[in-house]
Each structure stands twice: as structure tokens, then as C-alpha cells.
Amino acid sequence: MIYANDIEKVVRDFCAAKKSEVKTTFKMDERIINDSLQAHEKSKKKQRAGLQPNIRSIIMKSPITKIAAAAVIIVGVALSITVIDKLTPKVYAFGQTLEAMQGKQSFHIQTYFQNRRKDEFWAEYDENGKVIRYRQEERQGYYGPYVTLWENDIRTTYHPDGIKMISRIGNTEPELEEFDPETAAKEIYEHVAAGRAIMEIQKPSPYAGLITINVTRKDRPLRQVLLVDPNTKLVTRIDNYWDREFHKGIELLEYNQIIDANMFSPEFPEGTITIDQVSQEVGLAQGDMSNEEAACETVRQALEAWSADDYARAGKLFGGAPPELLTERYSNLQPISIISIGRPVPVQNIKPVFRVKCTYEVEHDGQVKTVSPTFTVPAVDGQPGRWYVGWWIMHTDLEVDAQDRIVKGPIIPGERVGDYTLDMSKDDVLKSLGKPHSISYGSEEYSLQNLPRKYYMSFGGGISFLIVDGSVKGIGVNEPFYKFTNGLGVGDSEQSIIQAFGDDFYINKDLSDLKDYLIYRDKGLTFEIHKENRTVIEINVSRSD
């Protein structure tokens with residue numbers, strides 16, 4: 001094993017001692033390593049021929065400076081022990097990977113979150129390294145993936161329930177940077193060069209034939225594992241581990257290969273409903289209102305227009321929705337009388353988004369019922385200062401949810417969520433909820449015909465089940481559809497949870513800067529807490545210890 005930091009430190013210290021202005025860079029490191037090995041090989045040949053080696057004369061024939069050449073001698077001594085014996089017959093330096101990944105034209109990657117497959121990306125770039133277009137497929141589940149396309153400042157998002165939204169968004173670089181393997185490799189090198197990380201390079205494993213690089217950050221509890229193809233020198237996978245609680249990964253499937261143009265085509269199934277935010281002005285102007293006030297007022301005006309059958313205005317307030325979305329898809333939720341507009345709750349997102357719970361009356365089969373749906377209210381992309389009501393209605397307090405058929409009910413710690421109890425059979429869950437959106441465990445995905453011993457089944461409406469040997473061992477909810485008997489649920493504050501359930505808890509810090517875990521082991525409860533606004537984003541129920 002060789003520490004890249006050690007090579008750089010040797011050269012840096014030597015140059016400093018000689019008051020040289022030679023700078024250590026990955027290209028200089030690579031030249032030093034290669035020249036050292038060449039000198040080493042030549043000296044071995046002369047030794048075998050009975051001649052005395054003259055490393056100085058060999059190295060001074062190379063084009064690098066005398067100062068750098070002297071450093072080669074020092075590094076070469078170490079390399080003759082470390083690199084040749086513990087790496088490969090042909091030396092590898094991380095600079096070769098950076099060079100191989102320069103001139104990015106396209107990539108195709110698979111991302112991972114907590115060791116599960118997450119998103120798949122295809123992206124193309126111009127000669128200046130600017131993204132031309134990309135495709136993203138998210139959360140492959142029973143109903144198919146969510147698809148996002150971007151090109152010429154137009155983003156098209158297709159949802160597998162048959163709704164497509166087009167919006168205007170300019171610079172997409174920030175959205176792709178964390179998934180860009182070239183950028184990730186450069187950032188790792190910069191941290192190593194600046195002394196913020198230690199890099200260890202191991203020889204290729206005999207079963208996979210890949211070079212393994214371990215990078216340990218000094219300034220944070222982050223460990224990164226890179227796999228490198230020894231032939232192409234390309235990074236094939238990068239896994240980031242924050243302590244033992246959080247994992248994100250990138251697998252490089254193709255690099256600088258021609259991508260089929262059909263991958264970027266915005267053609268979707270016949271009958272898809274289109275929400276257009278490009279050809280028209282949509283939403284409500286914020287004016288002098290605060291973000292929270294604008295979110296509530298947007299919902300209020302959207303419901304009033306919908307109630308009055310003003311579908312032109314309601315459609316614009318619903319983000320450019322056509323009439324059929326309100327008259328057909330959500331006809332069962334058309335209000336006849338508004339009772340209340342709830343307080344807005346911020347949602348973790350890269351742009352301002354709120355959830356607003358409302359209560360109003362609807363008419364079903366000639367009967368008036370009260371419902372309490374929660375609407376999402378985001379800022380309009382490409383139209384600054386405007387807000388709209390999202391067409392995706394998160395849940396509703398009807399006796400049975402119209403979209404996902406999930407029955408409303410209480411959360412009972414250590415026992416059940418609604419009608420779903422711990423230790424109930426998998427078959428009973430399927431009878432009640434139908435086919436799950438996804439079945440997975442770790443990075444593997446499964447079908448109902450091919451189930452392992454332990455897996456997660458996720459359903460619409462934000463409920464999921466941990467199944468072990470055919471029975472429910474854990475239930476999770478990430479929408480405020482189910483609540484405790486005290487009225488608390490997803491979206492409530494961490495402080496309100498502590499006040500209600502007491503101080504006998506411990507917090508497991510998630511070092512990903514996304515969430516923490518508030519755990520009541522004796523109650524069989526785990527609350528996932530948003531790191532910034534300290535609200536509950538998921539509740540997990542299991543047997544108490």
C-alpha cells in the first residue's frame with residue numbers, strides 16, 4: 001500500500017529545503033513516480049549485467065528539473081519498496097485517473113443511497129464541459145420510474161401515474177455536480193493535495209481486477225472508497241461513508257460513449273396529462289407577502305377558483321394544470337365549502353417549498369363529507385416571485401384515501417399503525433393495500449414472485465413495512481396521514497415529540513447533514529428529524545426492547 005500524501009510530502013519538504021519554487025501537482029507526482037521506476041528498472045538491469053548502477057546519471061537524462069530529479073531519487077528509494085512490491089508491476093498514480101477523466105463528453109451512472117439503488121443518470125456535455133442535456137430516472141418501483149429530462153433550459157418531468165410537467169430552469173450544473181464522477185475525482189485530489197485527506201492505494205483485487213483507493217478525510221468523519229479500472233484508469237465506483245450511519249455511492253456504467261438520442265426524447269404514453277409552465281404565466285404573484293403568507297394565499301385562491309368551477313384560473317394556480325386534471329383525476333376532492341387553511345410547514349428542498357393542510361367540504365354520492373388534504377406549494381421555476389399549488393395531493397383524511405387506498409388510523413407505539421399491526425402477515429398487508437410500489441433490501445430489488453427472507457415493502461401514501469420471514473417486524477410512515485393519539489405526527493417539531501414522550505431517549509447523529517434519529521428504545525419508536533428545521537420527517541414503529 002502506498003500513501004499518496006507521503007510522496008507529495010517528500011517532494012514538498014525537499015523542495016522547501018532547497019528553496020525551490022517547484023510545486024507538487026498530480027502530474028508532477030506522476031512524472032516523479034514514473035521516472036523513479038524507470039531508473040529503478042535500468043539500475044536492476046545493470047546490476048544483473050554486473051555493472052554498478054548510476055541512478056543519478058539515469059535520472060538526470062529525464063526532462064524534469066534538477067530539483068525534481070533529486071526528489072525522484074528520494075521518492076524512488078521508497079517506491080522501490082512500497083509501489084513495486086505492494087502495488088502492481090506497472091505503477092499506478094491517481095494523476096492517471098484524473099487525466100483519463102478529463103475531456104468529459106458524456107456519462108451514464110447509477111447512484112446508491114444507504115446501499116440501495118436510487119437514481120440513474122445519462123448526461124452529455126459540450127467541449128467546454130457544460131451540460132447539454134441529461135436524463136434522470138428515479139425510484140424504480142411497481143408503477144415505473146419518475147423521469148426527468150433537461151435540454152435548452154426546459155425541464156420535463158414525467159410521473160408514472162400519467163402526468164407530465166414542463167418548466168423552465170436554467171443552470172443545472174449544481175444538480176449534476178454531486179453525481180459527476182470527474183468532478184468527484186478532482187475534489188478528492190484537491191483535498192489530498194491540501195492535506196485534508198489521506199489517500200491509500202491498494203493493488204487490484206484478484207477477483208475483480210480493480211484498484212482500490214481509500215480516502216480518509218481529516219476534517220470530518222468521512223471515508224471514501226474508489227474503484228479504478230487498471231486498464232482505462234477510469235473510476236468505476238465511488239462510495240462515501242459518513243461514520244457507520246450514512247452511505248451514498250456512484251457507479252460509472254459508461255464514460256464518453258455515444259448515448260442513444262431517444263434517451264432524451266420527451267415522448268411519453270398516450271393520454272399523459274401535461275402541466276405547462278413554459279408557454280404561460282402560472283401561479284400567484286407573491287408581492288409584499290412573506291413566503292409563508294404567499295403559500296397559504298395561493299392555496300386559498302386555488303380552492304376558491306376550483307369551488308366556483310373557474311377552471312382557467314384554478315388551472316393556473318395549480319401550476320398550469322389542464323381542466324381534466326381537476327374535473328376527472330381529482331373530481332372527488334373538488335371543494336364546495338372551505339373550512340380552514342392550515343399553517344404552512346417548510347419542506348426540505350433545494351428551493352422554497354411548503355406543505356399546507358386544509359379542511360373543507362366535498363360532495364360524494366349526494367352526501368357532504370369533510371376532508372383534510374395536504375397540498376404542496378412550491379415556487380415556480382423560471383417565474384421568480386410566483387407560487388403555485390402542486391398537483392400531487394399528499395394525502396387526505398377521508399375514511400379511505402382516494403389515491404392509495406390507505407385507511408386512516410392512529411400510531412400505537414410498539415404495536416401498530418392504523419389497522420396494520422406488528423407480526424401481521426405479509427399476505428394480510430397485500431390484501432389491504434394491493435401491490436406495493438417497490439420491494440427492496442439493501443441495493444437489491446425484488447418482485448412478489450421472488451422474495452428474500454428479509455425485505456421492505458413500500459406503498460403509496462408514505463407507508464412501508466419491514467418483512468422478516470413473512471411477517472411485519474417494522475412499520476414506517478413519512479406522511480402526516482397517520483398520527484399518535486395525542487395528535488402528533490410527521491411534520492411536527494422535535495420539541496413537541498420530546499414534551500409528549502419524555503426524556504428517556506437518545507439521539508443518533510447522522511453525519512450526512514440531512515437528518516438525525518431520535519430513538520425511544522423502550523417504546524419501540526424512532527423519529528427521523530430534519531437537521532435544519534428539527535421537524536419529524538419519518539416515524540418508525542417496532543417492538544419495544
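Select from the stretch 284-314 the residues that are part of a helix (DSSP H, G or I) and out of contact with any strand residue (DSSP E or B) (no Cβ under 9 Å at 6 or more places or on another chain) and list them in ascending order.
Within the stretch 284-314, A305, W306, Y311, A312, R313, A314 meet the criteria.
May I ask you to list the residues in the stretch 348-361 that are surrounded by fewer than 18 Cβ atoms within 10 Å (Cβ to Cβ), at pLDDT below 90 and either more than 30 Å from I169 (Cα to Cα) or of a type in the set (A, V, I, L, M) (or both)?
If we filter the stretch 348-361 for residues that are surrounded by fewer than 18 Cβ atoms within 10 Å (Cβ to Cβ), which is where we start, we get 348-352, 359, 361.
Now drop any that are not at pLDDT below 90, which leaves 348-352.
If the condition is that a residue be surrounded by fewer than 18 Cβ atoms within 10 Å (Cβ to Cβ), at pLDDT below 90 and either more than 30 Å from I169 (Cα to Cα) or of a type in the set (A, V, I, L, M) (or both), then I350 is the only one that fits.
For (1) modelled with pLDDT under 85; (2) assigned to a strand (DSSP E or B), each residue gets a yes or a no:
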| position | (1), (2) |
| --- | --- |
| R155 | no, yes |
| D161 | yes, no |
| M165 | no, yes |
| L176 | yes, no |
| F179 | yes, no |
| A185 | no, no |
| Y189 | no, no |
| V192 | no, no |
| G195 | no, no |
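When the stretch 450-471 is examined, which residues are found to be within 16 Å of V429 (Cα to Cα) and in a loop (DSSP other than H, G, I, E, B)?
Step one: filter the stretch 450-471 for residues within 16 Å of V429 (Cα to Cα), giving 451, 454-471.
The answer is L451, G460, G461, G462, D469, G470.
Suppose the filter is touching a strand residue (DSSP E or B) at 6+ places or on another chain (Cβ under 8 Å) and of a type in the set (G, A, S); does A194 pass it?
No: the conditions fail for A194.
Which of the residues spanning the stretch 278-290 are surrounded by 16 or more Cβ atoms within 10 Å (Cβ to Cβ) and not hydrophobic (A, V, I, L, M, F, W, C)?
Once the filter is applied, which keeps residues that are surrounded by 16 or more Cβ atoms within 10 Å (Cβ to Cβ) and not hydrophobic (A, V, I, L, M, F, W, C), the stretch 278-290 yields G283, Q286.
Each row is one residue, and each column tells you yes or no for (1) aliphatic (A, V, I, L, M); (2) touching a Gly at 6+ places or on another chain (Cβ under 6 Å); (3) at pLDDT 85 or above.
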{"residue": "L451", "(1), (2), (3)": "yes, no, yes"}
{"residue": "S471", "(1), (2), (3)": "no, no, yes"}
{"residue": "G474", "(1), (2), (3)": "no, no, yes"}
{"residue": "P480", "(1), (2), (3)": "no, yes, no"}
{"residue": "T485", "(1), (2), (3)": "no, no, no"}
{"residue": "I498", "(1), (2), (3)": "yes, no, yes"}
{"residue": "G502", "(1), (2), (3)": "no, no, yes"}
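Scan (1) outside any strand (DSSP E or B); (2) free of Cβ contacts under 8 Å to residues at least 40 places away in the same chain; (3) farther than 25 Å from E124 by Cα for the single condition N262 breaks and write down its number.
In the conditions (1) outside any strand (DSSP E or B); (2) free of Cβ contacts under 8 Å to residues at least 40 places away in the same chain; (3) farther than 25 Å from E124 by Cα, N262 misses (3) alone.
Scan the stretch 91-141 for residues that are aliphatic (A, V, I, L, M) and part of a loop (DSSP other than H, G, I, E, B) and jot them down. Let's see the steps before the verdict.
The initial filter retains those residues of the stretch 91-141 that are aliphatic (A, V, I, L, M), namely 91, 93, 98, 100-101, 109, 123, 131-132.
Once the filter is applied, which keeps residues that are aliphatic (A, V, I, L, M) and part of a loop (DSSP other than H, G, I, E, B), the stretch 91-141 yields V91, A93, M101.
Residues that are free of Cβ contacts under 8 Å to residues at least 40 places away in the same chain, among the charged types (D, E, K, R) and surrounded by 13 or more Cβ atoms within 10 Å (Cβ to Cβ): does the stretch 198-217 have at least one?
Within the stretch 198-217, one or more residues are free of Cβ contacts under 8 Å to residues at least 40 places away in the same chain, among the charged types (D, E, K, R) and surrounded by 13 or more Cβ atoms within 10 Å (Cβ to Cβ).
Does the stretch 425-432 contain at least one residue that is polar (S, T, N, Q), over 23 Å from V345 (Cα atoms) and assigned to a loop (DSSP other than H, G, I, E, B)?
no
In the stretch 529-545, which residues are without any contact (Cβ under 8 Å) to a residue 40 or more places away in the chain and in a strand (DSSP E or B)?
Listed by number, the list holds a single entry, I529.
Just the residues that are more than 15 Å from K357 (Cα to Cα), assigned to a strand (DSSP E or B) and out of contact with any helix residue (DSSP H, G or I) (no Cβ under 7 Å at 6 or more places or on another chain), please, taken from the stretch 472-513.
Correct list: K473, G474, I475, G476, V477, F484, S493, Y506, I507, N508, K509.
Restricting the search to the stretch 362-377, which residues are touching a strand residue (DSSP E or B) at 6+ places or on another chain (Cβ under 7 Å) and either surrounded by fewer than 19 Cβ atoms within 10 Å (Cβ to Cβ) or at positive phi (or both)? First the steps, then the outcome.
Residues of the stretch 362-377 touching a strand residue (DSSP E or B) at 6+ places or on another chain (Cβ under 7 Å): 362, 368-377.
Result: V368, K369, T370, S372.
The values are calculated or read from the model by the stated rules, or taken from the named source; none is laboratory data. Note that this is a predicted model, so its numbers are computed, not measured. Heads up, the Cβs are rebuilt from the backbone with ideal geometry, glycines too, and the neighbour counts pull from every protein chain shown.
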